[in-house]
Amino acid sequence: MNSTRTRFVALLAVVAVALLAVVAGGTFVGILGDGPTETDAVVPSDADRPANPATNATIGYVGGYWYDDDLPVDDRDDAALTEEELEAVVYRSMARVEVIRELAFEDEVSVEVVSREEYRDDHDDVFGSVPDDERLQENVNYEALFLVDRATDAEDEYDSLYGGAVNGYYDPSSEEVVVVSDTPDAPETDEITLGHELLHALQDQHFDLSSFDRSTIDGTAARNGLVEGDAVRVETEYENRCETEWNCVRPAGGSSASSDINWGLYLILYQPYADGPAYVDYLKAQDDGWAAVDAAYDDPPASSSEVIRPGDERGPVDVDVPDRSSEEWDLFEVDGETATETVGEVGMVSMFAAGAFDATPTVIDYDTFVDDGYEYDQPATDGWAGDELVVYVSEDADPDDPTDSAEHAGYVWRSEWQTPEDADQFLEAYLDLLAGYDAEPVDDRANTYVIDEDYPGAYYVEADDDVVTIVRAPSVDDLEGIEEGASPAGEDTLAFAGPTDEGAAGSESAGSVDEPESGGSDDADAIAGAVDVGLGPMATVTAIVAGTAIVIVVRRRASRNTAVNSTNAGSAARNEGFEPANVEIASRDDDRR
């Protein structure tokens, strides 16, 4: 079984500086249509616009509104809309998304605008939670990447990333967009946020995104490279046109954000948004523009490596991790299947770069990683061919207490590389990271190291041609119990620099943050998000988060339905051939809670 998580959370920062002018996106599961829809619809010129256009057959026209219509609310100083005004903005925004993406909506989309207080009271349960048995694997996986330490529950890291920063989300289970406003008495609508979420609704209506395999960290990043790259390109163009040729509804004030985030988890989630647009550009350049992107949904990228380097066809190889444990150790299972994870290139480079943004050891320094954008193509990881991480537990592990049970768990993490030289580069970087966390070599045990704090336990590292195997156990004696033959008696065969006061060996900025030079990018201040992918029946919710317009995508159990009330504010006279959207404005003065 692949990675055992009930929720995938992805986010993206929209940075109004040099790194990225605009990036946004989300991941969605569930469909309204039956896959890509062939259409000959084009945007008609002013002279060719039909007198009675059909919404489903005319790109740029939805519910009685053309994409370039002016609305009375365009001239307002605020963006607090009545239900009737919101309906008009929704339809015009849908028409604009159609024009940019060259696809027509097949159905209406319900939209609700709520205050942040109401969101906290009534809506934040859409993000769900990870069951205890899956949380144990989740904790071990991210501890293996040195992203969530032993004393911290990964779920708590996710919760701290959400906070009060959600600006909006799209829920395919209810086919509804919810926009969250920071003006409680008169909630305001941000048309960029609205257009972004409507774009996801459009994708939901044309492509069976639920068929995508998002069961691993790498698989999620790979598929999102297409989905979010598509979304980023449309979002960027939407905002560009709002600045040049379209009148758009925008709130007067900004939103606040915190930079106190888990940067490693953020970097994993950010990668599809950083590299996805270039991947989509590559597809468009190969054949027939957006049609080539549409076709790619039938054959999405197979690994994050294919998104990091467009044109590099690199599906993950099958990595064999046979069970060589003793009777004292068991493979960890969820729903009767072995719980495994494929970290991929995205997870590995994030592991090596996370410390460049906070006060933890790092292998890749800030200036190397942040170079006209986030650079995920790094020498230590670009030779990745495949990996698999398998979790083991002793009889003392209690799935009902996932944080404590991590003390009674271990893992075997095996990776394969394109060449032995690629394996050596990864191995050197990993040993540097161990040194940064004050790992001490164990006397008379080959390639065996012990860390006392933050990520405590015994580590055995083995290199065999183009394969690297890492075994982690609570103690040195437990290593062989988890993997027969691990930590043999003898001398080290690997070059290990040993712990340093500066952090990871070989890194100029190890254990510290390299601050951008004055006048440069302040992207390190961008709020960030968390990763998680899930198990079992689930739905996906996409959310835009405040601060730097971060997008969070959350997978939650389908059984946890969000109570959303909507009123039909449509006007039949303006909606020829199209059912009116359900729109609602809510504030704390409402009786509805």
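With one equal scatterer per alpha carbon and no solvent term, the Debye-computed log10 I(q)/I(0) for the stretch 262-305 at 0.15 1/Å reads -0.44.
In this structure, L331 and D452 have a Cβ-Cβ separation that, at R0 = 22 Å, corresponds to a calculated FRET efficiency of about 0.20. Classify the stretch 50-202 from the C-alpha gyration tensor, please: rounded if a/c falls under 1.5, else prolate or oblate depending on whether a/b exceeds b/c. Prolate.
One way to sum up the overall shape of the stretch 338-392 is the equivalent ellipsoid from its Cα gyration tensor, whose semi-axes run 24, 14, 8 Å, largest first.
Once backbone amide H atoms are built at 1.01 Å from N, T340 has N2, S3, T4 as its partners under 5 Å, excluding neighbours fewer than 5 places away on the same chain.
Amide H to amide H distances under 5 Å link A80 with T189, where only residues 5 or more positions off or on other chains count and H is placed in the peptide plane. For Y376, no residue has an amide H sitting under 5 Å from its own, ignoring neighbours fewer than 5 places away on the same chain, with H placed 1.01 Å from N. Annotation: average projected area of the stretch 236-351 is 13.1 square nanometres, based on the convex hull of Cα atoms across all directions.
Here the stretch 267-411 has an Rg and Dmax of 18.9, 58 Å, counting Cα atoms alone.
Against the empirical curve 2.2 N^0.38 Å, the C-alpha radius of gyration of the stretch 181-283 lands at a ratio of 1.25. What the Kirkwood sum gives for the stretch 391-483 is a hydrodynamic radius of 13.9 Å, with every pair of different alpha carbons counted.
Here, each number is a calculation from the coordinates, and none is a lab measurement. Everything numeric in this text was worked out from a predicted model, so none of it was measured. Methodologically, a virtual Cβ is constructed for each residue, glycine included, from the backbone with ideal geometry; neighbour enumeration extends over all protein chains shown.
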